[in-house]
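The values are calculated or read from the model by the stated rules, or taken from the named source; none is laboratory data. Computed from a predicted model, the values in this text were never measured in an experiment. We place every Cβ from the backbone using ideal geometry, glycine too, and count neighbours over all the protein chains shown. Protein only, heavy atoms only, side chains kept; ligands, DNA and RNA dropped before computing areas. Shrake-Rupley method; radii C 1.70, N 1.55, O 1.52, S 1.80 Å.
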Amino acid sequence: RVKDEETFTRLFYYGTVQMGMSTDEFWLMPIGLFLDLWCCHKQFLGMEKPKRNWTIDDVIPTGL
């Protein structure tokens, strides 16, 4: 089991080093938003695949 301190140290590293955030940006960002951005960052790097691939046709209904 990973301790909470280790988890936040890793998240801090991901945010500041891997994603280029400042210390203040990291600590003031809602955790949910940070985790979403981290998933997007991993997809961009090819480390993770999206759960579903969306196209513009999936987002905008036909006839608009």
Query raised in the report: What's the angle, to the nearest 10 degrees (0 to 90), between helix 31-45's Cα axis and the longest principal axis of the chain?
Result: 70
Report summary line: So the FRET efficiency between Lys51 and Ser22, C-beta based with R0 = 25 Å and rounded to 0.05, is 0.25
Query raised in the report: Taking the Cα-to-Cβ direction at His41 and at Lys3 and moving 7 Å from each Cα, how far apart do the two end points lie in nm?
Result: 2.4
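Counting only heavy atoms of the protein chains, get the accessible area per residue of the chain (1.4 Å probe) and round it to a whole Å² value.
Details: 5610 Å² over 64 residues.
So the chain comes to 88 Å² accessible per residue, rounded to a whole number.
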Report summary line: For the chain, longest principal axis from Cα atoms; helix 4-13 axis from its Cα atoms; angle between them, nearest 10 degrees, is 60
Query raised in the report: Helix-derived [θ] at 222 nm for the chain: sum -39500 (n - 2.57) over DSSP H runs of at least 4, divide by residue count, nearest 500?
Result: -15500 deg cm²/dmol
